[in-house]
Amino acid sequence: MKNVLVIDGGGRGNAIAHAFSESEKVDQVYVAPGNAGVYEYGGETVPLEEETKEDKIQEIIEKAEKLEIDLVIPGPEGWISAGIINEFRKNTDIPIMGPTKEAAFLETSKCDAKDYLNSIGVPVPKYENFENPEEAKEWARNFYEENPDKNLVPKADGIAAGKGAFVCDSLEESLSAIEKISGEEFNEEYDRAGERIEVEERLDGVETSFFAITDGETIKPFGTAKDYKRRYADPDHSFIDRYFDGINPNTGGLGAYSPEEEGDELTEKIMEQIARPTVKNLDEDYQGILHFVLMIMEEDGEKQPYVLEINVRDGDPEAQARLPRLESDIYDVYSSVVQQELEEESLQWSSDYYVAVCVFSGRPWEDGKPVEGYAGYPGEYYSKQPIFLRGQENERVGEEGIGEHIDGMVYHNGTDLHQGYMRSRGGRVLTFVNNDEDKEKALEKTYSDIQGEDGGVYFSYMDYREDIAQ
Ligand code: AMP
Ligand code: GLY
């Protein structure tokens, strides 16, 4: 029997750990640093004590050796771009699934990724890269003059917690987005992410998350999902002006469903035009998951996919909606990637729909009034709120977990156990997931776990989008 270590502090890590806990090959799943949701599926957390990412990577290697780990799966891109794959390969024999830090540019630099994709003929929106914000603004002005019916999406080159892209509706919004991205406040918060700016044409088609998995040689489709990134379902919501400078902010993702039907023909087109060339033209073998965020456009009666972005890892909350559908043993699949034997693996999926809805820390109120300056996630929010059982006066959730109190599944984005009781910790807090062969029923089940009269949980200022999968 095998031991697995997942490195992730959020909801995606819970979902990966849950999938491993269902494997017949796996004895114990560890999650570093994990959160209180890890216990819902019999996992163990591995606290990380070191300060910097570099030191933490060495700490993880030592702990993986001590725990006799047989396979390591890093979740977020931060570990990958910090070189966790390179360091494991250099310092231990413990297999780890993911790309090297050299390949991480596909996610960590929007400018370099678009240049790469463009140079190998992968379809991307019309775009331009800038170091000087004044030049970016000049380009935007010309663009709007020549294309009065179109719009732009200015993006920070680097990683900005999912908040570096601004989907604009006018020249004024585009200019203000460029201003914001190049501004001191933004660059101080996000490690100089906006020192280069990528500006691209806004495409209005059907957005979809398409996953592929590869061992470097073989590359296979690895499920689809639809992610809900914008904070507000209503693009005219009054809080957008009040709190977010008029631009409906992107979040890490507030819900997802899987599958998002592509059909065999479109799937093959995506593999042929996008996924295979992306992997084959890299300087080195890429191992792991590629998460393509695509816009599917209608052109001459045909569907044409364009790449908006690539992530070098699984999605959050896409993993929460997609991985429970995987019927193949995840240990076999991920091991086959590391051993470069993916060709022999067949990937089986449930035909059910899975609907995932994130609840997050919303706008706090005090004395019957909203607290000044606190918009709720992705703006400022209150954290460390106790999690209560719905309908049972002041009963708090303890070490038994939340799964006990709902019908479906729950993955924790941000929670901890404090003196035996569960609390929220962070912006996104919990992801509720249910499945059914009927999408409508799956979403009803998920919302009933969140809102249900009998059962369910809540915390102060809890909020969520009501339109996921609708
Ligand atoms: P990114 O930071 O590139 O991941 O973009 C975040 C989100 O912004 C995407 O998931 C889309 O919802 C949206 N987006 C990015 N680029 C475009 C585009 N060219 N057209 C329309 N929406 C976009
Ligand atoms: N849900 C978007 C992401 O994982 O990047």
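The values are calculated or read from the model by the stated rules, or taken from the named source; none is laboratory data. Keep in mind the model is a prediction, meaning the values are calculated, not measured. A quick note on method: Cβ atoms are made from the backbone with ideal geometry, for glycine too, and the neighbour counts reach across all protein chains shown.
Pull out all pairs, ordered by first then second residue, where Cβ-Cβ is under 7 Å, the residues are six or more apart or on different chains, the first lies in the stretch 309-330 and is within 19 Å of Leu342 (Cα to Cα), and the second is β-branched (Val, Ile, Thr) and part of a strand (DSSP E or B). Pairs found: Arg313/Ile289; Asp314/Ile289. For the stretch 239-265, the candidate set comprises residues that are more than 25 Å from Gly414 (Cβ to Cβ) and buried (at least 19 other Cβ atoms within 10 Å of the Cβ); within that set, the residue that is nearest to ligand 1 (Cβ to nearest atom) is Glu260. With respect to (1) farther than 27 Å from Gly34 by Cβ; (2) in contact (Cβ under 8 Å) with a residue 60 or more places away in the chain; (3) out of contact with any helix residue (DSSP H, G or I) (no Cβ under 8 Å at 6 or more places or on another chain), the lone exception for Phe360 is condition (1). Among the listed residues Gln28, Gln58, identify the single one that is in a strand (DSSP E or B), of a type outside the set (D, E, K, R) and surrounded by fewer than 19 Cβ atoms within 10 Å (Cβ to Cβ). Criteria check complete, one pass: Gln28.
Take the residues in the stretch 202-223 that are touching a helix residue (DSSP H, G or I) at 6+ places or on another chain (Cβ under 8 Å) and charged (D, E, K, R), then tell me which one is farthest from ligand 2 (Cβ to nearest atom). For the stretch 202-223, the residue satisfying everything is Glu217. Among the residues of the stretch 91-124, those that are under 22 Å from the mean Cα position of the chain (by Cα), more than 16 Å from ligand 2 (Cβ to nearest atom) and of a type in the set (Val, Ile, Thr) comprise Ile96, Thr100, Val124. The number of residues in the stretch 246-266 being within 30 Å of Glu179 (Cα to Cα) and outside any loop (DSSP other than H, G, I, E, B) comes to 2.
Taking the stated definitions as given, is Ser21 surrounded by 16 or more Cβ atoms within 10 Å (Cβ to Cβ) and within 16 Å of ligand 1 (Cβ to nearest atom)? Break it down stepwise before answering.
On the way: surrounded by 16 or more Cβ atoms within 10 Å (Cβ to Cβ): yes; within 16 Å of ligand 1 (Cβ to nearest atom): no.
No.
Kindly evaluate Glu400 against the criterion of being surrounded by fewer than 21 Cβ atoms within 10 Å (Cβ to Cβ), in contact with an Asp or Glu (Cβ under 7 Å, 6 or more places away or on another chain) and not β-branched (Val, Ile, Thr). Here the answer is no, as Glu400 does not meet what is asked.
The residue that is surrounded by the fewest Cβ atoms within 10 Å (Cβ to Cβ), counting only those in the stretch 80-96 that are in contact (Cβ under 8 Å) with a residue 40 or more places away in the chain and outside any helix (DSSP H, G or I), is Pro95. Are any residues in the stretch 375-393 more than 25 Å from the chain's Cα centre (by Cα) and outside any strand (DSSP E or B), and if so, which ones? Arg390, Gly391, Gln392, Glu393, listed by residue number.
For the stretch 403-434, a residue qualifies if it is buried (at least 20 other Cβ atoms within 10 Å of the Cβ), among the small types (Gly, Ala, Ser) and farther than 25 Å from Ala225 by Cα, and exactly one does: Ser424.
Within the stretch 125-141, is even one residue over 25 Å from Gln340 (Cα atoms) and either in contact with a Pro (Cβ under 8 Å, 6 or more places away or on another chain) or within 16 Å of ligand 2 (Cβ to nearest atom) (or both)? Break it down stepwise before answering.
From the stretch 125-141, those over 25 Å from Gln340 (Cα atoms) are 125-141; that's our starting set.
Checking the rest, the ones that are also either in contact with a Pro (Cβ under 8 Å, 6 or more places away or on another chain) or within 16 Å of ligand 2 (Cβ to nearest atom) (or both) come to 136, 140.
Yes, some residue in the stretch 125-141 is over 25 Å from Gln340 (Cα atoms) and either in contact with a Pro (Cβ under 8 Å, 6 or more places away or on another chain) or within 16 Å of ligand 2 (Cβ to nearest atom) (or both).
Take the residues of the stretch 164-201 that are surrounded by fewer than 19 Cβ atoms within 10 Å (Cβ to Cβ) and in a loop (DSSP other than H, G, I, E, B): which is farthest from ligand 2 (Cβ to nearest atom)? The residue in question is Ser170. With respect to the stated conditions, Pro154 is without any contact (Cβ under 8 Å) to a residue 60 or more places away in the chain and assigned to a strand (DSSP E or B). Among the residues of the stretch 202-219, those that are buried (at least 17 other Cβ atoms within 10 Å of the Cβ), in a loop (DSSP other than H, G, I, E, B) and away from ligand 1 (no atom under 11 Å from the Cβ) comprise Asp215, Gly216.
Quick check on my filter: what residues within the stretch 141-162 are surrounded by 19 or more Cβ atoms within 10 Å (Cβ to Cβ) and at pLDDT below 95? Hits for the stretch 141-162 are Ile159, Ala160.
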